[in-house]
Amino acid sequence: MKCLRDIISWNLIISGYASYLGYKFLEKGKKLFEKMPRRDVVSWNSMISGYAKSGKMDEAIRLFESMPERNVVSWNAIITGFFRNSDTLSATQYFERMPERDSASVNAFVSGLVQNGELDEAARVLIECGNRDGWSEDLIPSCNTLIAGYGQKGRVDDARRLFNQIPFNSVQADGRNGVFERNVVTWNSMIMCHVKAGDILSARELFDQMVDKDTISWNTMINGYVQILDMEEALNLFNMMPKPDNLSWNSMISGYAQMGKLELARDYFEMMPQKHLVSWNALIAGYEKNEDYKGAIKFFIWMQGEGEKPDKYTLFSILSVCTGLVDMQLGMQIHQLVSKTIIPNVPIQNSLITMYLRYGALVKSRTIFDELKSPKDVIS
């Protein structure tokens, strides 16, 4: 005896089709949607989200406007769709039409504005919502998003001004649910702003004030010191860090390699609990940059022996090594490996051209140039 489908069964399968990017999956979902004996708001929302993700906003709008009743999720789905397709004007118009909003609505709207570069409008909306509905913990994600957005645009003063307006509780915040105050993401976002701007002193000042630091806090500061090649302070933090992760180890390897301290870079590489491709790439690139080409080849062979497959970054470094060694036989072997492993991008193709020119193989260089599928850049 067959079980009858209920509305949950229909919604699950439609949501599955709508979640896949690709028009053919969406069309199959649409056919099922049209066959449904009864639809609820979840059915409609799934299809609206699917069309929005696929860039079919005309169809998403048609469905939205046809809905017998909408909930907050419906509004959030259509507004997010507009942002996804860079239509901030329509997103704003629909946001203003919303009969009711929840914290997810405000956070999604602010995030969409920030992602589309509308930082001043995002700040205006955030302040307006906070002043009208009260500054609660629910608005902290919007504050964090805006701080990070300011940092990406180099507007550190604006980020710090907003950060300073969020209360700071200097003791453990257990049991303080619902309180509008900085959380660990707020601190990390502001620290990252200062690090990106090269203001390591301000970043460290905030880092030292933090009550609860997470792995991102530690890695951001360690990486900040690595960027300015202050490996002594990077090492101090690394040694103080409760549980260094792969990013922590990779930062140390990269920093020592950039300074030409290859033995230290190798020591940290060998002490790593787990080695990943990024770790191998950092070490190989370090040897290449310091013109220790034989060392780079040695680690490249070791990497392959460990079963780690090279990516475009590995191959870019190794092609530079082949150029430095002026070893045509090795260069041709690596060229074959490139062809088998990846679809070459412009930097890889430029490296191949440079390598063959160094070998005096002008015809081969011209052949690669003529075969360039990517748009040729000035270097090519």
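Each reported figure results from applying straightforward, stated rules to the coordinates on display, with no laboratory input. Fair warning: this is a prediction, and the values are worked out from it, not measured in the lab. Here the Cβ positions follow ideal geometry from the backbone for every residue, glycine too, while neighbour counts run over all protein chains shown.
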task = Find how many whole Å separate the alpha carbon centroid of the stretch 184-261 from the alpha carbon centroid of the stretch 65-88.
result = 40
inquiry  = Let's test the formula: R0 of 45 Å, r as the Cβ-Cβ distance of residue 270 and residue 98. What FRET efficiency results, to the nearest 0.05?
reply    = 0.20
task = Please give the peptides 150-161, 236-247, 308-319 ranked by average Cβ packing (other Cβ atoms within 10 Å per residue), highest first, as a rough proxy for protection.
result = 308-319, 150-161, 236-247
note = residue 89 and residue 228 label points (each 7 Å along its Cα→Cβ direction) are spaced in nm at 4.5
request  = Would you please name the GluC sites (Glu not before Pro) within the stretch 11-104 that are DSSP coil residues with at most 15 other C-beta atoms within 10 Å of their C-beta?
outcome  = 69, 100
ask   = Given [x] 141, 43, 31; [y] 68, 46, 39; [z] 71, 56, 51 as candidate values of Cα extents along the principal axes in Å, which corresponds to the one derived from the coordinates?
value = [z]
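Sort 357-370, 130-143 by packing, meaning the average of other beta carbons within 10 Å per residue, with the highest value first.
On the way: 357-370: 14.3, 130-143: 16.3.
Highest mean packing first, the order is 130-143, 357-370.
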inquiry  = Using 0.36 nm times the number of residues separating residue 36 and residue 201, minus their current alpha carbon distance, what extension gain do you get?
reply    = 53.3 nm
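Rounded to the nearest 0.05, what FRET efficiency is calculated for residue 358 and residue 301 with R0 set to 25 Å and r the Cβ-Cβ distance?
E between residue 358 and residue 301, to the nearest 0.05, is 0.70.
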ask   = Just going by the charge dipole of the chain, with Lys and Arg at +1 and Asp and Glu at -1 on Cβ, which of 180, 224, 305 is farthest out on the positive end?
value = 305
query = Given +1 on the Cβ of Lys and Arg, -1 on the Cβ of Asp and Glu, and no further charges, what dipole in debye does the stretch 311-380 carry about its Cα centre, rounded to the nearest 20?
reply = 80
ask   = What full-extension length gain, to one decimal in nm, is calculated for residue 8 and residue 343 as 0.36 nm per residue of separation minus the Cα-Cα distance?
value = 116.3 nm
message = Given points 7 Å out from each Cα along the Cα-Cβ axis, report the residue 371 to residue 261 separation in nanometres with one decimal.
response = 4.3
query = Label points 7 Å out from Cα along the Cβ direction at residue 246 and residue 153: separation in nm?
reply = 3.4
request  = Give a quick list of trypsin sites (Lys or Arg not before Pro) in the stretch 25-88 that DSSP marks as loop, anything other than H, G, I, E or B, with at most 10 other Cβ atoms within 10 Å.
outcome  = 38
request  = Would you mind calculating the gained length between residue 72 and residue 289 on full extension (0.36 nm times residue separation, minus the Cα-Cα distance), in nm to one decimal?
outcome  = 72.7 nm
task = Mind checking which of 272, 241, 293 is farthest towards the positive end of the stretch 163-316's charge dipole, using Cβ charges of +1 (Lys, Arg) and -1 (Asp, Glu) about the Cα centre?
result = 293
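Let me know the charge dipole size of the stretch 241-309 about its Cα centre in debye, to the nearest 20, where only the beta-carbon of Lys, Arg (+1) and Asp, Glu (-1) is charged.
Numbers: 8 positive and 9 negative charges, 11 e Å.
Around 60 debye, computed over the stretch 241-309.
DSSP H helices in the chain with Cα extent of 24 Å or more along the helix axis and mean Kyte-Doolittle hydropathy at least 1.6? Could the numbers behind the result be given before it?
Working: long enough: none.
TM-like helix candidates: nothing returned.
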task = Would you please state which residues of the stretch 51-69 a label at residue 25 would reach in this model, taking the label point 7 Å out along Cα→Cβ and a backbone N cut-off of under 18 Å?
result = 51-57, 60
